[in-house]
Amino acid sequence: MSALTKLYLFAYNSLQAIGWATAFLIISNNFISTKSLNEAYASAGELICLLQIIGFLEVIHGALGIVPTGVLLPFMQWGGRTHFVLAIVRKITEVQKLPSVFITFVAWSLAEVSFLVIIFIIQTVIVFSWPVCLWLRNATIALHFKME
């Protein structure tokens with residue numbers, strides 16, 4: 001993998017982690033101030049929609065072969081999430097106020113932040129032999145997809 005590709009993936013993962021952490025903080029702050037589960041979409045819905053749209057790059061990463069995930073699993077994850085948030089929650093105002101939207105957004109943001117931080121640590125901080133590092137990264141990716 002070229003240095004430019006590594007830099008791109010580092011930037012992409014960093015921005016996604018910052019975006020999802022921001023979404024979590026906005027939702028948490030809104031929950032603390034309103035004591036209500038019904039305003040998650042109003043507080044962070046547009047940011048989460050944007051993050052999901054940008055998340056299509058993960059499908060492209062697999063298609064180009066710059067990550068070992070392939071195309072099908074990232075596409076299924078992206079398609080399911082995007083359908084939920086853009087076609088259902090964003091379009092139906094009654095759904096936007098449901099506690100299930102709060103729970104879903106919190107689960108997504110925590111899963112994405114923890115997953116991206118683990119990938120970052122494995123790729124840049126931990127000094128293992130390369131085969132061990134690859135195994136840890138792939139095991140983490142597989143576990144992440146199973147949790148979704």
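Key figures for this structure:
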| read-out | value |
| --- | --- |
| The stretch 1-100, accessible area per residue, ligands and nucleic acids excluded (1.4 Å, Å²) | 57 |
| Given charges at beta-carbon only (K, R positive; D, E negative), |dipole| of the stretch 3-117 in Debye | 40 |
| VAL117 paired with CYS49, simple spin-label distance in nm, labels 7 Å along Cα-to-beta-carbon | 2.9 |
| Listed peptides 87-100, 32-45 by packing density, highest first (mean Cβ within 10 Å) | 32-45, 87-100 |
| Portion, in percent, of the accessible area of the stretch 1-57 that falls on carbon or sulfur, probe 1.4 Å | 74 |
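The values are calculated or read from the model by the stated rules, or taken from the named source; none is laboratory data. In this text, all values refer to a predicted model and were calculated from it rather than measured experimentally. Cβ: placed from backbone, ideal geometry, glycine included. Neighbour counts: every protein chain shown. Protein only, heavy atoms only, side chains kept; ligands, DNA and RNA dropped before computing areas. Shrake-Rupley method; radii C 1.70, N 1.55, O 1.52, S 1.80 Å.
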